[in-house]
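What follows is one structure encoded as structure tokens, with my remarks underneath.
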Amino acid sequence: MEKIIFEQLQEELFYEKLDNGLDVYILPKKGFNKTYATFTTKYGSIDNHFLPPGKSEDVKVPDGIAHFLEHKLFEKEDGDVFQQFSKQGASANAFTSFTRTAYLFSSTSQVERNLETLIDFVQEPYFTEKTVEKEKGIIGQEITMYDDNPDWRLYFGLIQNMYKNHPVSIDIAGTIESISHITKDMLYECYETFYHPSNMLLFVTGPVSPEEIMGQIKENQSKKEYKNKPEIQRKFDEEQAGVAEKKQVLKMNVQTSKCLVGIKAANPTQSGKEMLKSELSINVLLDLLFGKSSENYTELYGAGLIDDTFSYDYSQEFGFGFAMVGGDTNEPDVLAGRLEAMLMEAKAGAGLTAENLERTKKKKIGAFLRAVNSPEYIANQFTRYAFNDMDLFDVVPVLESLTLDDIKNAANTLIDEDRFTVCQVVPKDK
Amino acid sequence: MAVISESIKDMKGYKLHVVKTEKFKTNTIVWKMKAPLTRENVTKRALLPYVLQSSSKAYPSTSKLRSYLDELYGANLFVDVSKKGEYQVLSFSLEIANEKFLSDPEPLLKKGMQLMAEILVNPFSDNASFDKDTVEKEKRTLKQRIQAVYDDKMRYSNFRLVQEMCKDEPYALHVNGEIDDIPEIDEKNLYEYYQQAFGEDEMDLFIIGDVNEEEVRSVADELLQFSPRTPKLVEPLANGKVEEKTVKDQEDVKQGKLNIGYRTNVLYGDQDYYALQVFNGIFGGFSHSKLFINVREKNSLAYYVASRLESHKGLMMVMSGIEFNNFELAVKIIKEQMAAMTAGDFTDQEIDQTKAVIENQLLETLDTARGMVEVLYHNVVSDKTVSLDEWLQGMRNTTKEEIVQVAKKVELDTVYFLTGLGADK
């Protein structure tokens, strides 16, 4: 077991790669009541086209299947795993993103038993035609719930504007139609392809003894037989550089309009330190441009174009990336025009000063400290970083190292009118 | 060992609550002020914290104030308005890095407290009037905040339920106030209200973190001094006889939202409050509860279905999203679960499981500074002094008989359904 010390943060991280390929990380947190553990596979909604192990032809699976599988892993022959966890005083949950499916629990007692339950339920699938059918009604209601949610429709509408072929544009839960085709055999095929320990990461954080936890996990894994598996072969169609649609307007039953401006990232295929630096540079850039202390924010708020729902964000994974800015507004077209103009001005250098950069770096460093108060943040973000060969604990040193040139480069690479797109939600009667 | 050690001191016009803990990398300062929820003041109160947090005398614009927050290593300042029973509570929170974890050793906590005081007592104002421009901007934002409730159908249906259920009670008021009041508010009358609020509200300052209590107290005493006051208490309304009613609205939605309101007839601090917590947990609070098992897992009617308590008002709310034509079936199943509770149709295992999960939930809440403040504030709202250890012990000691007794006190008041335009009403 390797021990990594972060002196400034006063944290210690323990790591070991097990024989079956599973990466295990343990971060002891003194003074906390709860232990939080996530067991994550590098498998999400975008992995819908792949070569199953031992097969000669690749398969395309229905939209929403990774999320469906996440739901179904909780059901076992002898009942529901939620029940098991709550009998042991834990609360359990799971989520599926574009690139990951994570299973988790938190508990303030019986940590060893809960950890055992977590590992075992994820590693022992039980799918039947009957339980698969039953789930279609439940997930159908989850999909309908999102259909009525204007913020979700806006967010996904923007991604669909950007990507023509890449499966990031597919809604994570799929559609009622697409999930109707899911069968238990398909779930097993996805499971066999993506749930091998060598594609997974287990993170445990809380008031725990790293030696005991690591010992328990190794013991658990040594009892299970995993064959060495060939590397996962995912297939992706070629994606164009420019956006698929420049603009989309969704009419919904709302009183206030919403508007997001998006920028599709240019060739997001980095990983490791290079990705970390580029990602942090873009985050700092967006803060400089649209943070509450910026001139742009003052102008937009003063003109009544934005309110306190205004936000901005950058997301990147291997193969796709996007920045988005916007929120609720009474003037969606005026806001879109102003945001695009502000981005183009930034590309020419507006607002990018050494003084603003230093202030924003301080803000980001403080925000990181706040974030690492949260066991959830540490476990989930650490996993995301690791899946991209980055280290969460490099964030502060890399932030400190950023120069004005780095930010100008980021602006220059990211901002390009051909990769702008706009999505709006407007009231039906407008 | 106590699960949390809170020290409470009377200060000039407010109480200071300090929780010393080393588990966080930041220190948290929360100022809360509470007054009865009234039709007259609800909108002014909803607006006030947003005006105060936009600027101050020393930082007379949002960008100046926010730049200073950035300089303080991104100190996080935000305000919130919430409803606790028949009270409207304003919260100002500031979370600031503990310099121990920074390469820059400059002390930050005192600066954070100074900034909090600056925002509270030194607003950007002149001649007993706030800055007009600031007030106008925040009025516009408040209007959008009120409208936003309509656009989020989950919040909207809950709001509609409360509106119907508590028709003639202050509790029916929306925490963000009324759109129609907004034009009447100006920089002068809001300033008047600001002085009134700081003169009359019950006020509490919470400081959570790796702090020195003596030091914090002397800094607070130097920065924040107000006149003494007697907090205004609202007498809980005596419930008349509850008659079940059903209200349906039609809107252009894809999913029906079912919200059911019950009167629990039990308040935080009452003898049977612990039994009520366990009751709610078995009935609908968790993913092992009767509602989840029967509405979702057995009948596939919903993705979400849960119940939650409003401890200071004595309400329990059930919420779910279902297909329009499953309305009757869902209501029937939910009523059956309630009948099972009053009939004592639940096992010792369900009780133990629920107690374990409630304990877990409370302890987890204490792993965030904000969670700690919210938990401790229950005592302020209810004017009680229940320690968390007493709370946990009381909950653990609950018997099956007590749970059945409390279940019998819970009365169904209103079934609300937000259904689609084409659906039967």
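Overview of values
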read-out	value
FRET efficiency estimate (nearest 0.05) - Cβ-Cβ, B:Lys100 to A:Thr183, R0 51 angstrom	0.35
Inter-label distance, nm, simple model (7 Å from Cα along the C-beta direction), B:Asp252/A:Lys428	0.4 nm
0 to 90° range, to nearest 10: angle between helix B:109-121 axis and chain B longest Cα axis	80 degrees
Where N is the number of residues in segment B:123-260, Cα Rg divided by 2.2 N^0.38 Å	1.45
Test item: B:129-137 mean partner chain Cβ contacts at 10 Å	1
Label point 7 Å beyond Cα of B:Arg39 along Cβ direction - residues of segment B:72-100 with amide nitrogen under 18 Å	B:86-88
16 Å reach of a label modelled at B:Ala58, 7 Å along Cα-to-Cβ, counting backbone N of segment B:70-98	B:70-77, B:94-96
Amide H contacts under 5 Å for B:Val253, placed H, 5+ residues apart	B:Leu421
FRET E, pair A:Asn267, A:Ala350, Förster distance 25 Å, beta-carbon r, rounded to 0.05	0.50
Restraint check, B:Lys15/B:Lys188; A:Lys3/A:Lys361; B:Lys15/B:Lys111; B:Lys32/B:Lys57; A:Lys87/B:Lys25; A:Lys60/A:Lys87, Cα-Cα greater than 31 Å	A:Lys87/B:Lys25; A:Lys60/A:Lys87
Alpha-carbon gyration tensor eigenvalues x 5, square-rooted, for segment A:247-427, Å	27, 19, 17
Per-residue HN-Hα couplings for segment B:172-180 [Karplus 6.51, -1.76, 1.60; θ = phi - 60°; Hz; x = Gly/Pro]	5, 5, 6, 4, 8, x, 10, 4, 5
Potential extension, A:Glu376-A:Asn165 segment - 0.36 nm per residue separation minus Cα distance	72.7 nm
Projected label distance in nm at B:Glu244 and B:Asp133, using a 7 Å step from Cα toward the beta-carbon	5.9 nm
Acute angle (nearest 10 degrees) that the helix A:111-123 long axis makes with the longest principal axis of chain A, alpha-carbon atoms	90 degrees
Between helix B:132-151 and chain B: long-axis angle, C-alpha atoms, 0 to 90°, nearest 10	10 degrees
Ranked B:Ile179, A:Ile26, criterion: other C-beta atoms within 10 Å, fewest first	B:Ile179, A:Ile26
Potential lengthening between A:Lys224 and A:Leu250 on full extension [0.36 nm per residue; Cα-Cα distance subtracted]	4.3 nm
Principal axis dimensions, largest first and in whole angstrom, of segment A:139-220 by Cα	48, 33, 27
Efficiency of FRET from Cβ geometry, A:Asp389 and A:Glu358, R₀ 25 Å, rounded to 0.05	0.30
Separation between Cα centres of segment A:337-386 and segment B:358-425, rounded to whole Å	38 Å
Size-normalised alpha-carbon gyration radius of segment B:6-223, reference 2.2 N^0.38 Å	1.07
For chain B: relative contact order, % (alpha-carbon pairs under 8 angstrom, 6 or more apart)	22 percent
5 angstrom amide H check on B:Glu310, placed H, neighbours 5+ away	B:Leu315, B:Met316, B:Met317
Modelled label reach - B:Leu421, point 7 Å along Cα→Cβ, segment A:234-268 residues with backbone N closer than 13 Å	A:251-254
Alpha-carbon Rg with Dmax, taken over the protein assembly as shown, Å	27.0, 81
Potential extension, A:Thr175-A:Thr309 segment - 0.36 nm per residue separation minus Cα distance	45.5 nm
Helix-only [θ]222 nm of the protein assembly as shown, DSSP H runs n ≥ 4, -39500 (n - 2.57) each, per residue, nearest 500	-13000 deg cm²/dmol
Positive-pole candidate from A:Thr144, A:Asn165, A:Tyr155, dipole of segment A:107-181, charges at beta carbon	A:Asn165
A:Glu124 paired with A:Asp80, simple spin-label distance in nm, labels 7 Å along Cα-to-beta-carbon	1.9 nm
Extreme residue, positive dipole direction of segment B:44-157, given options B:Leu69, B:Leu142, B:Ile96 (C-beta unit charges)	B:Leu142
Neighbouring partner chain Cβ atoms per residue of A:75-83, average, 10 Å criterion	3
Average other protein chain Cβ within 10 Å of Cβ, residues A:214-221	0
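Every number in this text was worked out from the coordinates using simple rules, so none of it is lab data. In this text, all values refer to a predicted model and were calculated from it rather than measured experimentally. Positions of Cβ are backbone-derived with ideal geometry, glycine not excepted, and every protein chain shown enters the neighbour counts.
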